[in-house]
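Quick notes on the structure that follows.
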Protein chains: 2
Amino acid sequence: MIKRNPKTHQSNLQDAIKATAWQQIAEYGAPALSLRAIARELNITAPAIYNYFADRDALVTALVIDAYTSFGDSQLASLETVAVDDHANRLKAIGLAYRAWAHRYTQRYLLIFSTPIPGYAPSIDQIGPSSARSIRPLFSVVEAMRVAGRLNDAAYRPIQPAYEAHFEQWRAYFDQVHPLTHFVAMTIWSRVHGFVSLEINGHFPPFGENGDGLYLSEIDAIQRQFLHKVS
Amino acid sequence: MIKRNPKTHQSNLQDAIKATAWQQIAEYGAPALSLRAIARELNITAPAIYNYFADRDALVTALVIDAYTSFGDSQLASLETVAVDDHANRLKAIGLAYRAWAHRYTQRYLLIFSTPIPGYAPSIDQIGPSSARSIRPLFSVVEAMRVAGRLNDAAYRPIQPAYEAHFEQWRAYFDQVHPLTHFVAMTIWSRVHGFVSLEINGHFPPFGENGDGLYLSEIDAIQRQFLHKVS
DNA sequence: AGTGTTAATATACACCGTTTACTAAAAAAT
DNA sequence: ATTTTTTAGTAAACGGTGTATATTAACACT
(Lines give C-alpha, C1' and ligand atoms only; values in the text may rest on other atoms or scores of the structure.)
Protein backbone atom coordinates (compact mmCIF):
# COMPACT_ATOMS: atom_id res chain seq x y z
CA MET A 1 0.00 0.00 0.00
CA ILE A 2 2.22 2.74 -1.33
CA LYS A 3 1.00 6.28 -1.32
CA ARG A 4 1.32 7.62 -4.81
CA ASN A 5 3.33 10.71 -5.52
CA PRO A 6 1.18 13.83 -5.92
CA LYS A 7 2.76 14.26 -9.36
CA THR A 8 0.57 11.48 -10.62
CA HIS A 9 -2.52 13.31 -9.56
CA GLN A 10 -2.05 16.18 -11.92
CA SER A 11 -5.05 16.87 -14.06
CA ASN A 12 -3.92 15.18 -17.24
CA LEU A 13 -1.55 12.27 -16.94
CA GLN A 14 -1.68 11.66 -20.67
CA ASP A 15 -0.09 15.01 -21.33
CA ALA A 16 2.40 14.42 -18.54
CA ILE A 17 3.46 11.17 -20.20
CA LYS A 18 4.01 12.91 -23.52
CA ALA A 19 5.84 15.79 -21.85
CA THR A 20 8.15 13.41 -20.05
CA ALA A 21 8.70 11.48 -23.26
CA TRP A 22 9.71 14.66 -25.08
CA GLN A 23 11.99 15.63 -22.26
CA GLN A 24 13.74 12.29 -22.36
CA ILE A 25 13.92 12.29 -26.14
CA ALA A 26 15.50 15.72 -26.07
CA GLU A 27 17.98 14.58 -23.47
CA TYR A 28 18.88 11.06 -24.51
CA GLY A 29 17.58 10.81 -28.07
CA ALA A 30 14.57 9.12 -29.53
CA PRO A 31 16.00 5.59 -29.60
CA ALA A 32 16.37 5.67 -25.83
CA LEU A 33 12.66 6.23 -25.36
CA SER A 34 11.44 3.85 -22.68
CA LEU A 35 8.02 3.44 -21.15
CA ARG A 36 9.57 2.26 -17.93
CA ALA A 37 11.85 5.28 -17.76
CA ILE A 38 8.88 7.57 -18.29
CA ALA A 39 6.97 5.77 -15.57
CA ARG A 40 9.89 6.07 -13.18
CA GLU A 41 10.10 9.79 -13.79
CA LEU A 42 6.39 10.17 -13.11
CA ASN A 43 6.47 7.92 -10.06
CA ILE A 44 4.00 5.47 -11.51
CA THR A 45 4.44 1.92 -12.74
CA ALA A 46 4.98 1.12 -16.37
CA PRO A 47 1.70 -0.69 -17.01
CA ALA A 48 -0.21 2.40 -15.88
CA ILE A 49 0.80 4.04 -19.14
CA TYR A 50 -1.34 1.51 -20.94
CA ASN A 51 -4.39 3.27 -19.58
CA TYR A 52 -3.48 6.23 -21.76
CA PHE A 53 -1.76 4.67 -24.74
CA ALA A 54 -2.57 1.30 -26.22
CA ASP A 55 1.13 0.46 -26.52
CA ARG A 56 4.49 2.04 -27.13
CA ASP A 57 3.73 2.62 -30.79
CA ALA A 58 0.61 4.59 -29.92
CA LEU A 59 2.68 6.88 -27.74
CA VAL A 60 5.25 7.31 -30.48
CA THR A 61 2.51 8.09 -32.97
CA ALA A 62 1.24 10.82 -30.67
CA LEU A 63 4.75 12.21 -30.44
CA VAL A 64 5.17 12.09 -34.20
CA ILE A 65 1.95 14.02 -34.63
CA ASP A 66 3.19 16.59 -32.13
CA ALA A 67 6.44 16.87 -34.04
CA TYR A 68 4.61 17.41 -37.33
CA THR A 69 2.48 20.05 -35.67
CA SER A 70 5.55 21.85 -34.36
CA PHE A 71 7.13 21.64 -37.80
CA GLY A 72 3.98 22.87 -39.51
CA ASP A 73 3.69 25.79 -37.09
CA SER A 74 7.26 26.76 -37.86
CA GLN A 75 6.65 26.60 -41.60
CA LEU A 76 3.50 28.66 -41.29
CA ALA A 77 5.08 31.26 -39.04
CA SER A 78 7.96 31.80 -41.44
CA LEU A 79 5.60 33.20 -44.04
CA GLU A 80 3.81 35.65 -41.80
CA THR A 81 6.24 38.50 -42.22
CA VAL A 82 6.64 38.20 -45.98
CA ALA A 83 4.21 39.78 -48.42
CA VAL A 84 2.08 37.23 -50.21
CA ASP A 85 3.23 38.38 -53.64
CA ASP A 86 6.91 38.42 -52.73
CA HIS A 87 7.42 34.93 -54.05
CA ALA A 88 11.21 34.99 -53.99
CA ASN A 89 11.40 35.88 -50.34
CA ARG A 90 8.61 33.49 -49.41
CA LEU A 91 10.60 30.67 -50.96
CA LYS A 92 13.66 31.80 -49.10
CA ALA A 93 11.88 32.26 -45.78
CA ILE A 94 10.23 28.87 -45.82
CA GLY A 95 13.44 27.21 -46.93
CA LEU A 96 15.47 28.77 -44.15
CA ALA A 97 12.74 27.92 -41.66
CA TYR A 98 12.94 24.27 -42.66
CA ARG A 99 16.61 24.06 -41.81
CA ALA A 100 16.37 26.24 -38.72
CA TRP A 101 13.60 24.08 -37.28
CA ALA A 102 15.56 20.91 -37.96
CA HIS A 103 18.53 22.33 -36.09
CA ARG A 104 16.48 23.69 -33.24
CA TYR A 105 14.47 20.49 -32.78
CA THR A 106 16.82 17.84 -34.05
CA GLN A 107 15.11 15.02 -32.19
CA ARG A 108 11.71 15.97 -33.55
CA TYR A 109 13.16 16.13 -37.01
CA LEU A 110 14.68 12.69 -36.65
CA LEU A 111 11.46 11.34 -35.24
CA ILE A 112 9.65 12.40 -38.40
CA PHE A 113 12.18 11.84 -41.13
CA SER A 114 14.34 9.09 -39.79
CA THR A 115 13.04 5.97 -38.07
CA PRO A 116 14.80 6.06 -34.75
CA ILE A 117 12.32 3.93 -32.83
CA PRO A 118 13.05 0.25 -33.29
CA GLY A 119 10.15 -1.62 -34.78
CA TYR A 120 7.99 1.43 -35.14
CA ALA A 121 6.32 2.12 -38.46
CA PRO A 122 3.89 5.02 -38.53
CA SER A 123 0.46 4.44 -40.01
CA ILE A 124 -0.34 6.86 -42.77
CA ASP A 125 -3.94 7.07 -41.62
CA GLN A 126 -2.99 8.52 -38.28
CA ILE A 127 -0.17 10.85 -39.18
CA GLY A 128 -1.44 11.78 -42.65
CA PRO A 129 -3.37 14.87 -41.61
CA SER A 130 -0.66 16.47 -39.48
CA SER A 131 1.94 15.51 -42.05
CA ALA A 132 -0.03 17.08 -44.87
CA ARG A 133 -0.65 20.19 -42.81
CA SER A 134 3.08 20.64 -42.25
CA ILE A 135 3.84 20.54 -45.96
CA ARG A 136 0.91 22.68 -47.02
CA PRO A 137 2.66 26.05 -46.46
CA LEU A 138 5.24 25.12 -49.09
CA PHE A 139 2.47 24.02 -51.41
CA SER A 140 0.69 27.33 -50.91
CA VAL A 141 3.82 29.28 -51.80
CA VAL A 142 4.27 27.33 -55.01
CA GLU A 143 0.58 27.48 -55.83
CA ALA A 144 0.66 31.28 -55.43
CA MET A 145 3.55 31.36 -57.88
CA ARG A 146 1.56 29.30 -60.35
CA VAL A 147 -1.57 31.43 -60.01
CA ALA A 148 0.53 34.55 -60.52
CA GLY A 149 1.91 33.05 -63.71
CA ARG A 150 5.43 32.98 -62.34
CA LEU A 151 5.93 29.26 -62.01
CA ASN A 152 8.48 27.89 -64.46
CA ASP A 153 7.24 24.57 -65.76
CA ALA A 154 10.17 23.88 -68.06
CA ALA A 155 11.24 20.87 -66.02
CA TYR A 156 7.76 19.44 -65.63
CA ARG A 157 7.34 15.81 -66.46
CA PRO A 158 3.90 14.32 -66.11
CA ILE A 159 3.58 11.36 -63.81
CA GLN A 160 3.92 8.10 -65.65
CA PRO A 161 0.52 6.50 -66.17
CA ALA A 162 1.56 3.40 -64.23
CA TYR A 163 2.02 5.44 -61.07
CA GLU A 164 -0.88 7.82 -61.54
CA ALA A 165 -3.20 5.77 -59.34
CA HIS A 166 -0.82 5.58 -56.42
CA PHE A 167 -0.03 9.22 -56.82
CA GLU A 168 -3.63 10.27 -56.88
CA GLN A 169 -4.47 8.31 -53.77
CA TRP A 170 -1.56 9.79 -51.89
CA ARG A 171 -2.49 13.24 -53.13
CA ALA A 172 -5.87 13.02 -51.45
CA TYR A 173 -4.21 14.48 -48.39
CA PHE A 174 -3.24 17.56 -50.33
CA ASP A 175 -6.58 18.96 -51.40
CA GLN A 176 -6.17 17.96 -55.01
CA VAL A 177 -3.57 20.60 -55.62
CA HIS A 178 -2.63 21.36 -59.20
CA PRO A 179 -0.27 18.69 -60.57
CA LEU A 180 2.34 21.22 -61.60
CA THR A 181 2.31 22.77 -58.15
CA HIS A 182 2.59 19.34 -56.63
CA PHE A 183 5.47 18.49 -58.89
CA VAL A 184 7.46 21.61 -58.10
CA ALA A 185 6.69 21.57 -54.38
CA MET A 186 7.86 18.00 -54.02
CA THR A 187 11.04 18.82 -55.90
CA ILE A 188 11.76 21.78 -53.65
CA TRP A 189 10.96 19.74 -50.59
CA SER A 190 13.27 16.97 -51.67
CA ARG A 191 16.17 19.38 -52.24
CA VAL A 192 15.81 21.16 -48.97
CA HIS A 193 15.32 17.90 -47.17
CA GLY A 194 18.32 16.30 -48.82
CA PHE A 195 20.66 18.98 -47.59
CA VAL A 196 19.29 19.09 -44.07
CA SER A 197 19.10 15.32 -43.81
CA LEU A 198 22.73 14.80 -44.73
CA GLU A 199 23.71 17.61 -42.42
CA ILE A 200 21.72 16.39 -39.41
CA ASN A 201 22.85 12.82 -39.86
CA GLY A 202 26.49 13.83 -39.90
CA HIS A 203 27.26 13.16 -43.56
CA PHE A 204 28.14 16.79 -44.15
CA PRO A 205 30.71 18.72 -42.15
CA PRO A 206 29.24 20.47 -39.16
CA PHE A 207 28.11 23.83 -40.47
CA GLY A 208 26.46 24.84 -37.23
CA GLU A 209 23.16 26.55 -36.90
CA ASN A 210 23.84 29.60 -38.96
CA GLY A 211 23.13 29.74 -42.63
CA ASP A 212 26.01 28.89 -44.86
CA GLY A 213 26.94 29.31 -48.49
CA LEU A 214 26.00 25.85 -49.65
CA TYR A 215 22.46 25.95 -48.33
CA LEU A 216 21.84 29.50 -49.48
CA SER A 217 23.03 28.60 -52.95
CA GLU A 218 20.52 25.78 -53.04
CA ILE A 219 17.76 28.24 -52.22
CA ASP A 220 19.13 30.51 -54.93
CA ALA A 221 19.02 27.64 -57.38
CA ILE A 222 15.43 26.86 -56.43
CA GLN A 223 14.44 30.46 -57.01
CA ARG A 224 16.21 30.65 -60.32
CA GLN A 225 14.87 27.38 -61.62
CA PHE A 226 11.23 27.65 -60.66
CA LEU A 227 10.46 31.35 -60.29
CA HIS A 228 9.91 33.22 -63.53
CA LYS A 229 10.93 36.81 -63.68
CA VAL A 230 7.96 39.19 -63.80
CA SER A 231 6.88 39.28 -67.41
CA MET B 1 29.68 -31.63 -22.51
CA ILE B 2 27.61 -30.69 -25.48
CA LYS B 3 28.88 -31.43 -28.93
CA ARG B 4 28.73 -28.23 -30.90
CA ASN B 5 26.85 -28.05 -34.13
CA PRO B 6 29.06 -28.47 -37.18
CA LYS B 7 27.75 -25.13 -38.39
CA THR B 8 29.93 -23.43 -35.82
CA HIS B 9 32.98 -25.14 -37.15
CA GLN B 10 32.91 -23.43 -40.51
CA SER B 11 36.13 -21.75 -41.36
CA ASN B 12 35.26 -18.21 -40.49
CA LEU B 13 32.65 -17.63 -37.83
CA GLN B 14 33.14 -13.89 -38.03
CA ASP B 15 31.90 -13.86 -41.60
CA ALA B 16 29.06 -16.19 -40.67
CA ILE B 17 27.92 -13.76 -37.98
CA LYS B 18 27.89 -10.90 -40.44
CA ALA B 19 26.12 -12.96 -43.06
CA THR B 20 23.44 -13.99 -40.61
CA ALA B 21 23.11 -10.39 -39.47
CA TRP B 22 22.55 -9.24 -43.04
CA GLN B 23 20.06 -11.99 -43.61
CA GLN B 24 18.05 -11.00 -40.56
CA ILE B 25 18.31 -7.31 -41.38
CA ALA B 26 16.99 -7.99 -44.85
CA GLU B 27 14.16 -10.04 -43.43
CA TYR B 28 13.13 -8.15 -40.31
CA GLY B 29 14.78 -4.76 -40.73
CA ALA B 30 17.79 -3.23 -39.10
CA PRO B 31 16.11 -2.22 -35.84
CA ALA B 32 15.34 -5.86 -35.11
CA LEU B 33 19.00 -6.79 -35.22
CA SER B 34 19.73 -8.99 -32.22
CA LEU B 35 22.91 -10.69 -31.14
CA ARG B 36 20.93 -13.42 -29.44
CA ALA B 37 18.89 -14.07 -32.56
CA ILE B 38 22.05 -14.33 -34.62
CA ALA B 39 23.53 -16.74 -32.09
CA ARG B 40 20.37 -18.88 -32.15
CA GLU B 41 20.54 -19.09 -35.92
CA LEU B 42 24.17 -20.17 -35.79
CA ASN B 43 23.60 -22.64 -32.95
CA ILE B 44 26.00 -20.90 -30.67
CA THR B 45 25.42 -18.90 -27.51
CA ALA B 46 25.22 -15.14 -27.55
CA PRO B 47 28.40 -14.40 -25.60
CA ALA B 48 30.40 -16.36 -28.16
CA ILE B 49 29.88 -13.46 -30.53
CA TYR B 50 31.99 -11.35 -28.24
CA ASN B 51 35.01 -13.33 -29.35
CA TYR B 52 34.60 -11.80 -32.79
CA PHE B 53 33.08 -8.39 -32.10
CA ALA B 54 33.77 -6.28 -29.06
CA ASP B 55 30.09 -5.45 -28.70
CA ARG B 56 26.96 -4.91 -30.73
CA ASP B 57 28.16 -1.55 -31.99
CA ALA B 58 31.32 -3.11 -33.38
CA LEU B 59 29.22 -5.55 -35.36
CA VAL B 60 27.02 -2.76 -36.64
CA THR B 61 30.07 -0.77 -37.63
CA ALA B 62 31.31 -3.73 -39.65
CA LEU B 63 27.90 -3.95 -41.33
CA VAL B 64 27.91 -0.23 -42.07
CA ILE B 65 31.31 -0.55 -43.69
CA ASP B 66 30.02 -3.45 -45.78
CA ALA B 67 27.04 -1.35 -46.80
CA TYR B 68 29.24 1.54 -47.84
CA THR B 69 31.40 -0.85 -49.82
CA SER B 70 28.38 -2.26 -51.61
CA PHE B 71 27.17 1.26 -52.32
CA GLY B 72 30.57 2.37 -53.54
CA ASP B 73 30.84 -0.66 -55.81
CA SER B 74 27.49 0.19 -57.32
CA GLN B 75 28.47 3.80 -57.90
CA LEU B 76 31.74 2.76 -59.49
CA ALA B 77 30.14 0.14 -61.71
CA SER B 78 27.59 2.61 -63.04
CA LEU B 79 30.33 4.60 -64.73
CA GLU B 80 32.07 1.72 -66.43
CA THR B 81 29.95 1.70 -69.55
CA VAL B 82 29.93 5.46 -70.12
CA ALA B 83 32.73 7.27 -71.91
CA VAL B 84 34.82 9.40 -69.58
CA ASP B 85 34.14 12.55 -71.56
CA ASP B 86 30.40 11.99 -71.81
CA HIS B 87 29.73 14.10 -68.75
CA ALA B 88 25.98 14.34 -69.18
CA ASN B 89 25.50 10.63 -69.29
CA ARG B 90 27.95 10.02 -66.48
CA LEU B 91 25.91 12.31 -64.28
CA LYS B 92 22.77 10.50 -65.29
CA ALA B 93 24.23 7.04 -64.85
CA ILE B 94 25.58 7.70 -61.40
CA GLY B 95 22.36 9.42 -60.34
CA LEU B 96 20.21 6.53 -61.48
CA ALA B 97 22.57 4.08 -59.83
CA TYR B 98 22.18 5.88 -56.53
CA ARG B 99 18.44 5.43 -56.53
CA ALA B 100 18.52 1.92 -57.95
CA TRP B 101 20.92 0.76 -55.26
CA ALA B 102 18.78 2.31 -52.54
CA HIS B 103 15.75 0.43 -53.82
CA ARG B 104 17.61 -2.80 -54.31
CA TYR B 105 19.25 -2.72 -50.89
CA THR B 106 16.85 -0.68 -48.84
CA GLN B 107 18.09 -1.95 -45.51
CA ARG B 108 21.69 -1.18 -46.37
CA TYR B 109 20.65 2.27 -47.44
CA LEU B 110 18.81 2.85 -44.19
CA LEU B 111 21.74 1.50 -42.21
CA ILE B 112 23.96 4.15 -43.74
CA PHE B 113 21.72 7.16 -44.05
CA SER B 114 19.20 6.70 -41.33
CA THR B 115 20.04 5.64 -37.78
CA PRO B 116 17.94 2.53 -37.34
CA ILE B 117 20.00 0.95 -34.58
CA PRO B 118 19.03 2.34 -31.20
CA GLY B 119 21.93 3.86 -29.37
CA TYR B 120 24.35 3.34 -32.20
CA ALA B 121 26.43 6.24 -33.42
CA PRO B 122 29.09 5.43 -36.00
CA SER B 123 32.58 6.71 -35.39
CA ILE B 124 33.88 8.76 -38.27
CA ASP B 125 37.34 7.29 -37.84
CA GLN B 126 36.16 3.81 -38.60
CA ILE B 127 33.64 4.39 -41.37
CA GLY B 128 35.35 7.44 -42.90
CA PRO B 129 37.43 5.56 -45.48
CA SER B 130 34.64 3.38 -46.84
CA SER B 131 32.26 6.32 -46.75
CA ALA B 132 34.65 8.53 -48.67
CA ARG B 133 35.28 5.78 -51.18
CA SER B 134 31.58 5.46 -51.89
CA ILE B 135 31.22 9.16 -52.68
CA ARG B 136 34.41 9.45 -54.66
CA PRO B 137 32.91 8.32 -57.99
CA LEU B 138 30.56 11.29 -57.92
CA PHE B 139 33.46 13.56 -57.07
CA SER B 140 35.43 12.17 -59.98
CA VAL B 141 32.60 12.87 -62.40
CA VAL B 142 32.33 16.46 -61.24
CA GLU B 143 36.08 16.90 -61.19
CA ALA B 144 36.27 15.68 -64.79
CA MET B 145 33.68 18.27 -65.71
CA ARG B 146 35.73 20.97 -64.02
CA VAL B 147 38.97 19.92 -65.69
CA ALA B 148 37.19 19.89 -69.05
CA GLY B 149 36.03 23.44 -68.42
CA ARG B 150 32.41 22.41 -68.44
CA LEU B 151 31.55 22.95 -64.80
CA ASN B 152 29.20 25.86 -64.26
CA ASP B 153 30.30 27.76 -61.18
CA ALA B 154 27.57 30.39 -61.27
CA ALA B 155 26.05 29.19 -58.03
CA TYR B 156 29.34 28.83 -56.22
CA ARG B 157 29.53 30.44 -52.83
CA PRO B 158 32.77 30.12 -50.93
CA ILE B 159 32.60 28.51 -47.54
CA GLN B 160 32.20 31.05 -44.78
CA PRO B 161 35.51 31.57 -43.00
CA ALA B 162 34.04 30.49 -39.69
CA TYR B 163 33.42 27.01 -41.04
CA GLU B 164 36.51 26.69 -43.17
CA ALA B 165 38.45 24.83 -40.49
CA HIS B 166 35.77 22.21 -39.92
CA PHE B 167 35.29 21.87 -43.62
CA GLU B 168 38.95 21.39 -44.30
CA GLN B 169 39.26 18.73 -41.64
CA TRP B 170 36.32 16.83 -43.00
CA ARG B 171 37.66 17.21 -46.51
CA ALA B 172 40.81 15.36 -45.58
CA TYR B 173 38.98 12.19 -46.53
CA PHE B 174 38.50 13.46 -50.06
CA ASP B 175 42.05 13.92 -51.26
CA GLN B 176 41.94 17.69 -51.13
CA VAL B 177 39.62 17.90 -54.07
CA HIS B 178 39.10 21.28 -55.65
CA PRO B 179 36.69 23.42 -53.58
CA LEU B 180 34.41 24.07 -56.52
CA THR B 181 34.22 20.37 -57.30
CA HIS B 182 33.50 19.67 -53.68
CA PHE B 183 30.80 22.30 -53.62
CA VAL B 184 29.01 21.00 -56.69
CA ALA B 185 29.38 17.34 -55.78
CA MET B 186 27.88 17.90 -52.36
CA THR B 187 25.01 19.80 -53.89
CA ILE B 188 24.29 17.02 -56.35
CA TRP B 189 24.59 14.42 -53.64
CA SER B 190 22.18 16.31 -51.43
CA ARG B 191 19.58 16.57 -54.19
CA VAL B 192 19.73 12.96 -55.18
CA HIS B 193 19.76 11.90 -51.57
CA GLY B 194 16.81 14.12 -50.70
CA PHE B 195 14.58 12.52 -53.28
CA VAL B 196 15.59 8.97 -52.49
CA SER B 197 15.42 9.54 -48.76
CA LEU B 198 11.88 10.87 -48.85
CA GLU B 199 10.91 8.07 -51.16
CA ILE B 200 12.46 5.26 -49.12
CA ASN B 201 11.09 6.61 -45.87
CA GLY B 202 7.56 6.72 -47.25
CA HIS B 203 7.15 10.48 -47.48
CA PHE B 204 6.69 10.29 -51.20
CA PRO B 205 4.18 8.08 -52.94
CA PRO B 206 5.55 4.68 -53.85
CA PHE B 207 7.05 5.10 -57.28
CA GLY B 208 8.52 1.65 -57.38
CA GLU B 209 11.88 0.65 -58.67
CA ASN B 210 11.62 2.01 -62.16
CA GLY B 211 12.63 5.51 -63.01
CA ASP B 212 9.90 8.08 -62.89
CA GLY B 213 9.39 11.59 -64.17
CA LEU B 214 10.09 13.42 -60.97
CA TYR B 215 13.48 11.83 -60.41
CA LEU B 216 14.53 12.10 -64.02
CA SER B 217 13.62 15.76 -64.04
CA GLU B 218 15.88 16.28 -61.04
CA ILE B 219 18.73 14.70 -62.95
CA ASP B 220 17.87 16.93 -65.86
CA ALA B 221 18.00 19.94 -63.59
CA ILE B 222 21.37 18.89 -62.26
CA GLN B 223 22.72 18.55 -65.79
CA ARG B 224 21.32 21.88 -66.85
CA GLN B 225 22.52 23.77 -63.83
CA PHE B 226 26.04 22.45 -63.52
CA LEU B 227 27.08 21.21 -66.94
CA HIS B 228 28.11 23.90 -69.40
CA LYS B 229 27.46 23.33 -73.02
CA VAL B 230 30.59 22.71 -75.02
CA SER B 231 32.03 26.14 -75.72
C1' DA C 1 -25.23 0.29 1.29
C1' DG C 2 -24.20 -1.84 -2.78
C1' DT C 3 -22.77 -1.99 -7.56
C1' DG C 4 -20.06 -1.04 -11.54
C1' DT C 5 -16.35 1.47 -13.54
C1' DT C 6 -11.93 3.43 -13.60
C1' DA C 7 -7.06 3.66 -12.82
C1' DA C 8 -3.67 2.22 -10.56
C1' DT C 9 -0.61 -1.84 -8.72
C1' DA C 10 1.98 -6.34 -8.37
C1' DT C 11 3.54 -10.05 -10.71
C1' DA C 12 5.19 -12.48 -14.44
C1' DC C 13 6.91 -13.62 -19.18
C1' DA C 14 9.93 -13.37 -22.90
C1' DC C 15 13.17 -10.82 -24.90
C1' DC C 16 17.54 -7.88 -25.07
C1' DG C 17 23.03 -6.64 -24.50
C1' DT C 18 26.54 -7.67 -21.58
C1' DT C 19 29.62 -9.53 -17.65
C1' DT C 20 31.57 -13.06 -15.08
C1' DA C 21 33.29 -17.49 -14.08
C1' DC C 22 34.38 -21.75 -15.88
C1' DT C 23 35.79 -25.49 -19.14
C1' DA C 24 37.38 -28.12 -22.95
C1' DA C 25 40.35 -28.19 -26.67
C1' DA C 26 44.15 -26.56 -29.29
C1' DA C 27 48.72 -24.49 -29.54
C1' DA C 28 53.08 -23.41 -27.71
C1' DA C 29 56.82 -24.10 -24.78
C1' DT C 30 59.70 -26.65 -22.17
C1' DA D 1 56.29 -36.16 -24.32
C1' DT D 2 54.72 -33.48 -20.94
C1' DT D 3 53.45 -29.18 -19.24
C1' DT D 4 51.81 -24.59 -19.82
C1' DT D 5 49.31 -21.09 -22.06
C1' DT D 6 46.09 -19.38 -25.10
C1' DT D 7 41.81 -19.74 -27.54
C1' DA D 8 36.91 -20.27 -28.08
C1' DG D 9 33.29 -21.78 -26.49
C1' DT D 10 29.42 -22.52 -22.45
C1' DA D 11 26.42 -21.60 -18.33
C1' DA D 12 24.56 -18.50 -15.30
C1' DA D 13 23.36 -14.12 -13.95
C1' DC D 14 22.37 -8.81 -13.94
C1' DG D 15 19.74 -5.15 -15.22
C1' DG D 16 17.18 -3.50 -18.83
C1' DT D 17 13.02 -3.55 -22.16
C1' DG D 18 7.67 -3.93 -23.76
C1' DT D 19 3.63 -6.06 -22.44
C1' DA D 20 -0.22 -9.37 -20.54
C1' DT D 21 -2.80 -10.80 -16.59
C1' DA D 22 -4.89 -10.60 -12.35
C1' DT D 23 -5.90 -7.83 -8.47
C1' DT D 24 -6.95 -3.95 -5.66
C1' DA D 25 -8.17 0.78 -4.18
C1' DA D 26 -11.00 4.78 -5.10
C1' DC D 27 -14.82 6.88 -7.01
C1' DA D 28 -19.75 7.77 -9.06
C1' DC D 29 -24.41 6.41 -9.23
C1' DT D 30 -28.51 4.16 -8.04
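Classify region A:86-213 as rounded, prolate or oblate from the Cα gyration tensor: take a ≥ b ≥ c as the square roots of its eigenvalues, call it rounded if a/c is under 1.5, otherwise prolate when a/b beats b/c and oblate if not. Oblate is the answer for region A:86-213, as a/c is 1.5 or above yet b/c matches or exceeds a/b.
What separates the A:R40 label point from its copies, with the point 7 Å along Cα to Cβ, is 2.7 nm, written shortest first. Label-to-label distances for A:D125 across copies, nearest first, come out at 5.0 nm, using points 7 Å from Cα in the beta-carbon direction. Amide H to amide H, with H built 1.01 Å from N, B:Q160 comes under 5 Å of A:G213, counting only residues 5 or more places away or on other chains.
For region B:1-113, compute Rh as the Kirkwood radius over C-alpha pairs and then the Stokes-Einstein diffusion coefficient at 37 °C and 0.692 mPa s; write the answer in µm²/s, rounded to an integer.
206
Based on alpha carbons, the Rg and Dmax found for region B:58-139 are 13.6, 45 Å. Between B:A154, B:A97, B:A185, the GNM of chain B built on Cα springs shorter than 10 angstrom shows B:A154 fluctuating the most.
Sum up the charges of everything whose Cβ sits under 13 Å from the Cβ of B:Q225, counting Lys and Arg as +1 and Asp and Glu as -1, but leave B:Q225 out. If you can, show how the numbers build up before the last one.
Working: positive: A:R191, A:R224, B:R150, B:R191, B:R224, B:K229; negative: A:E218, A:D220, B:D153, B:E218, B:D220.
The answer is +1.
When A:A154 is represented by a point 7 angstrom out along its Cα-to-C-beta vector, the spacings to that point in the other copies are 0.8 nm, nearest first. Close amide-amide hydrogen proximity is noted between A:L227 and A:N152, each under 5 Å apart and 5 or more residues distant or on a separate chain (H modeled in the peptide plane; Pro and chain starts excluded). Taking A:V192, A:V82, A:V142 in turn, the Gaussian network model of chain A (Cα-Cα springs below 10 Å) assigns the largest fluctuation to A:V82. With the simple model of a label 7 Å out from the Cα in the direction of the Cβ, A:T106 to B:E27 spans 3.6 nm.
Shape of the protein assembly as shown from its Cα gyration tensor (a ≥ b ≥ c, root eigenvalues): rounded if a/c is under 1.5, otherwise prolate when a/b > b/c, or oblate? Oblate, because a/c is 1.5 or more while a/b does not exceed b/c. Heavy-atom accessible area buried between chains A and B is around 4200 Å² (1.4 Å probe, both sides summed).
Helix content alone sets the calculated 222 nm mean residue ellipticity of the protein assembly as shown: runs of n ≥ 4 DSSP H residues at -39500 (n - 2.57) each, divided across all residues, give -20500 deg cm²/dmol.
Sparse packing (at most 12 other Cβ atoms within 10 Å of the Cβ) combined with a DSSP loop state is found for the following GluC sites (Glu not before Pro) in region A:68-175: A:E80.
Comparing B:R108, B:R36, B:R191 in a Gaussian network model of chain B where C-alpha atoms under 10 Å apart are linked, the largest mean-square fluctuation is found at B:R36.
Residue of chain B with the smallest Cβ distance to the axis mapping B onto A, distance rounded to whole Å: B:G194, 1. Summing +1 for each Lys or Arg and -1 for each Asp or Glu, what net charge is found among the other residues whose Cβ lies under 13 Å from the Cβ of B:F113? Net charge around B:F113: 0.
Rounded, prolate or oblate: which fits region B:170-231, taking a ≥ b ≥ c as square roots of the Cα gyration tensor eigenvalues, rounded meaning a/c under 1.5, else prolate when a/b beats b/c?
Oblate, because a/c is 1.5 or more while a/b does not exceed b/c.
The Cα atoms of chain A define a convex hull whose projected area, averaged across directions, is 15.4 nm². Expressed as a whole percent, the accessible area of the protein assembly as shown that falls on carbon and sulfur atoms is 53 (1.4 Å probe).
The values are calculated or read from the model by the stated rules, or taken from the named source; none is laboratory data. All figures in this text were calculated on a predicted structure; none of them were measured in a lab. Here the Cβ is made from the backbone with ideal geometry for all residues, glycine too, and neighbour counts use every protein chain on show. Remember, those area values only see protein heavy atoms, side chains included, never the ligands or the DNA or RNA. Shrake-Rupley method; radii C 1.70, N 1.55, O 1.52, S 1.80 Å.
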